[in-house]
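For reference, the structure is listed below as structure tokens.
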Amino acid sequence: MHKAPKLATKLFHWASGQAQNEDLLGDLQELYEDKLESKGEFRARLFYWLEVIKLSFSYALRKRKKDRSFSNYYSGQKLNTMILNYIKISIRNIKKQKLFTGLNVFGLALGMSVALLCLAMVSDLKQFDRFHQDSEDIYRITTKLTTSGDRNHFASSPPALAELLRNSTQQITNSAVINDHFFPTIKSLGEPIQMYGYYTEPSFLELFDFKLQRGNANVIDNPRSVIITHELAEKLFNSTDVIGKTVETERDGIFEIGGVLAPFPQRTHFKFDLLANISGTNRGNNIGAAGWTDFSGNYFYFKSEASKGDLETMVGNLGQSGQAFFDLESSQASYHIQAITEINPGPNYSDRIGVIFGYDGLLYFIGVSLMVLIPACFNYINMAIANTLNRTKEIGIRKIIGSPNKFIIRQFLVETIIVCIISLLLSTVLFNLIKGEFTSMLVGAEALTFEMTPLVIIMFLGFAILTGLVTGVLPALYLARIAPISAINNRTSNKKVSISGFRKGLLVFQFILSLSFMIGIGVVLRQYSHTITYDPGFAKENRIILPLESNNVAVLQNELQAINGVEDISFSSNIPGLPLNKTNYFYSDDLTDSILVREVYISEEFIDKMNLKMVWGESQLSNIQFEQVLVNEKLLSLLNNIENNPQDSLIRQLADKQVQIVGIVADYNHEPLNERIEPMVMRLNESAYNYAIIELNGVNGDATLANIEAAWNKLQPESQFQPRYLESIVAQSYDFMFTAMKIFGFLALISITISSLGLLGMVVYSTENRRKEVAIRKILGANAMTLFGNLSGMFLKLWLIALLIAIPGAYFFYDNLFVNIYNKFSGGVHFAEVFVSSLLTIIIGLSAIFWQSRRIIRINPAENLRND
Amino acid sequence: MKGYLGEFEELVLLTIANLAEEAYGTTILEMIEQQANRKMSLGALHSTLTRLEEKGFLVSYLGEPTAKRGGRRKRYFEITQSAKEALNNMKSLRDELWQNSKINLSVG
């Protein structure tokens, strides 16, 4: 026998795969011998090669390979039966391994919950503003302004351009101009209500599907009429039958209610409480330069069936006529068209109107959810691979019966998907628990409904299946690779005791995450107690705040002063310790610009009674020639000529009024500690008081309160007596920190759980692989403790690495974060939270190791050795 | 299609019938090459054999290994009853067509 070309034979073997090719090779060999005799070696070899190639692609071989890959037990055509079978086996396996499944389901559910929130939010945002009729045809103009290299994109557009567009084209079927600089403060009991309104025109209600419940759209042609929302009507009057009633505002005068809107879907970027006439104010001005360059807060929405590109060109051309005005400000303006359905989620433009969830915020959120989800998926992979030992026999038998690799891969994919779907159920429960918290902490999130529509449910399911596929593919490939013989012998190909560097890195990463989140809880807790105990500069003990209804201050003061236990009474427009919502412009001769100042109205006694310190001047105010005001040190520091010029008359201008500075108050935190101390002006004005601040002598507070209530009821029989202690009001204003703590707590809980699960997976993996080693050590006389120490060595090393990275990282991160948020800062990360979180992680880690190693150590060593 | 026999398939079946006990890949190929003077590859032949087996005209079994084949076994082929029927049908159809031919088909 002569040797046939070796490489060709090899190639043929490779091409045959598992198919039987003995007879074919025999035929080839015979033919080769014949050719060798008749045609010589070269021709024979060439012939052999050609025959091999032809045979490799022949139907004969294909058919044999196909036959080979299916035994009698598996029929490739009946996929449905197979899938049912996969599901059946998966469910049996899941039932068999309750602990593993439980850990996996729990881990994945935690990991998926944040991602579900993210998914539901995106799906909600996609629905925004779709309820308007022909919402695809509604657009707005946005403006891109380039000033000496600085580029800025505004959601607003010049009103002059809107006017031009309306007059010059027939393509626009409907349009509305909006100006959102309308923040009326409505006077009501106690606290004035800050409202958000739009100046617009009646076509607003035609362009958008905001239906009127009462009245008609044309009422806002009248400058003193407003249309209010259903919610506002309920809030102000407890009824929607309010046509003709009036609302009194602090700065914008009295409005008559001309219409009430029916409740409308929350999923819109518009956010308003009332609509008023745009031309009734000076803001609709669109002539000349002001109409072009002074466009802040002006928006133009329109409906057109023309294509977006055409509209953009048209607007661009029309916009050319205003460029001359922009040239004066050495800037360049260009205009773009944005569909109303593309606003959410959309780009973050400046000068925006309403609720916008920008791409960047959304990306950040997706990042956080992936940061939680990915470790959970890796855990599953880790655990599934660690769990291989329990599955090898099953795989071996399946392969021997004739199952091809892809069946085993499918089996594991189906199993992972089932686990993911079970996790989804748990995750949906979690999702429903956290979505309330989530909406309460996100600005504008009340527009998100998180409704469980069929579409959302399908998306959730799709997400679970996708997670299952992505997560399951790695363990499935790993398991399918096991050769049947070694599988049946329980000898996995990978007998390594060590764990790959990648998985170690993953564990370190998980430790870092949980350590940082735990330190975060500590930091927020410390910050909270710091803010509560911090001295804001005013006295808050033993003081009661009473919301005022009528302005008859003197009478109330006399009545209350007579009550035994009441030390003093003062009045103010705002509760100290809460945000100030009134601002005004302060002008000084030495400054070209005005200063934006906070305004607070106080009674004469306020400074004394709140224990505020004066730096200079007197605290008594009067209103004789000029209005006398007090300013704080912060405002003083912005005025530069006072110190240089002591003869200065201290007459300044506040808004359009001359005022005289008579005193300077030492800086104190009138606003919560997360606000910096801003320039502040304190004015005297009886009619502006909203609260009475009553100082008690601290003896028998309840009796005093009862007396005050009696007096109050005599004076104001029809209104409720609602006293609150200043201290508790101030404490309540920091409730938002609890939300931060909840977030940190939740994230810490998730990442600690996930990293513990990951650790457990690794511990199981390494202990299972070390059965024999442990058995031999035990026979040689090792006791439980030394074995335990041996196993935990690796973990301790990883834990130390995590500590080395996490602690400096946490110091850096939290210090920067909190310095930015709070101006009174507790000092950030302390030893206590580092210590506690380190201790907690190591306890969790060691107990996982202890649990697993105890399990393996307790097995009789003879048992472990005999099995091999 | 069970009953249908292609021209080449018919040729292969008849060759196997001629070879009787000695019908396996190489002999079939060589005989066809000599008798019919047709060049063809082993792959093409085996594909046809496989198709005939699927149709139920052939059965195959593995024989003994021989030294010439490098110790590999031969796969012998045998025709089945249904193959005989199909060949007969084919032949009678041809005979009938020959007989009923209105043109004289004889050459020379």
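Annotations
- Length released on extending from residue A:585 to residue A:790, taking residue separation times 0.36 nm less the Cα-Cα span: 66.6 nm
- Among A:581, A:603, A:107 - extreme Cα towards positive end, dipole of chain A, charges at beta-carbon: A:107
- Spacing of the two label points (7 Å from each Cα toward its C-beta) at residue A:859 and residue A:666, in nm: 7.3 nm
- Per-residue ellipticity at 222 nm, computed for the protein assembly as shown from helices alone with -39500 (n - 2.57) per DSSP H run of at least four residues, works out to -17000 deg cm²/dmol.
- In chain A, Cα pairs under 8 Å separated by at least six residues give a relative contact order of 14 percent.
- Over segment A:115-267, all Cα pairs binned in 5 Å intervals from 0 give whole-percent P(r) values of 2, 7, 13, 17, 17, 15, 13, 10, 5, 2, 0, listed from short to long.
- Distance in nm between pseudo-label sites at residue B:96 and residue A:614 (7 Å out along the Cβ direction from Cα): 13.2 nm
- Legend: calculated FRET efficiency, residue B:37 to residue A:406, from the Cβ-Cβ distance at R0 = 56 Å, rounded to 0.05, equals 0.75.
- Take each residue of peptide A:376-386, count the partner chain Cβ atoms within 10 Å of its Cβ, and average: the result is 0.
- Within 10 Å of each Cβ in B:65-76, the average number of Cβ atoms from other chains: 6
- Spin-label pair residue A:776/residue A:6, simplified geometry with 7 Å Cα→Cβ offset, distance in nm: 3.8 nm
- Ranked by how many other beta carbons lie within 10 Å on average, peptides A:749-759, B:63-73 from highest: A:749-759, B:63-73
- If the segment from residue A:716 to residue A:134 were pulled out straight at 0.36 nm per residue, it would be longer than the present Cα-Cα gap by 204.1 nm.
- Kyte-Doolittle at least 0.5, axis length at least 18 Å by Cα - qualifying DSSP helices, chain A: A:98-126, A:359-386, A:405-441, A:454-480, A:501-533, A:736-769, A:784-821, A:831-858
- Two-decimal Rg to Rh for segment B:7-99 - Kirkwood Rh, Cα set: 1.01
- Pairwise alpha-carbon distances in segment B:50-108 exceed 18 Å for 60% of all pairs.
- The calculated FRET efficiency for residue A:216 paired with residue A:181, based on their beta-carbon distance and R0 = 30 Å, is about 0.75.
- Distance between the C-alpha centres of segment A:579-595 and segment A:102-168: 35 Å, rounded to the whole angstrom.
- Our estimate of slack between residue A:329 and residue A:687, defined as 0.36 nm per intervening residue step minus the Cα-Cα distance, is 124.5 nm.
- For residue A:449 and residue A:262, the FRET efficiency from 1/(1 + (r/R0)^6), where r spans their Cβ atoms and R0 equals 22 Å, is about 0.80.
- With the convex hull constructed from alpha-carbon coordinates only, chain A shows a mean projected area of 56.4 nm² over all directions.
- Fraction of the pair-distance distribution of segment A:687-728 above 12 Å, Cα-Cα pairs, percent: 68 percent
- Residue pairs exceeding 29 angstrom between C-alpha atoms, taken from A:406/A:772; A:10/B:68; A:98/A:393; A:540/A:657; A:10/A:63; A:582/A:742: A:406/A:772; A:540/A:657; A:582/A:742.
- Working note: Cα gyration tensor of segment A:6-69, eigenvalues times five, square-rooted, sorted largest first, giving semi-axes of 24, 10, 9 Å.
- Coupling constants for segment B:66-83 follow from the phi torsions by the Karplus curve (6.51 cos²θ - 1.76 cosθ + 1.60, θ = phi - 60°), and in residue order they are 10, 5, 4, 8, x, x, 9, 7, 9, 9, 8, 10, 9, 7, 9, 4, 5, 5 Hz; glycine and proline get x.
- Shape of segment A:398-471, Cα gyration tensor, a/c cut at 1.5: prolate
- Global geometry of segment A:550-718, whether rounded, prolate or oblate, following the gyration tensor of its Cα atoms and the 1.5 cut on a/c: prolate
- As a length-normalised measure over Cα pairs under 8 Å and 6 or more apart, the relative contact order of segment B:7-99 settles at 28 percent.
- Each Lys and Arg Cβ is given +1 and each Asp and Glu Cβ -1; about its Cα centre, the protein assembly as shown then shows a dipole of about 8660 debye.
- Legend: mean number of C-beta atoms from other chains within 10 angstrom of residue C-beta atoms, peptide A:16-23, equals 3.
No lab work stands behind these numbers, since they all come straight from the coordinates. What you are looking at is a predicted structure, and each value in this text was computed from that prediction instead of being measured. Every residue, glycine among them, receives a Cβ derived from its backbone with ideal geometry; neighbour counts consider all protein chains shown.
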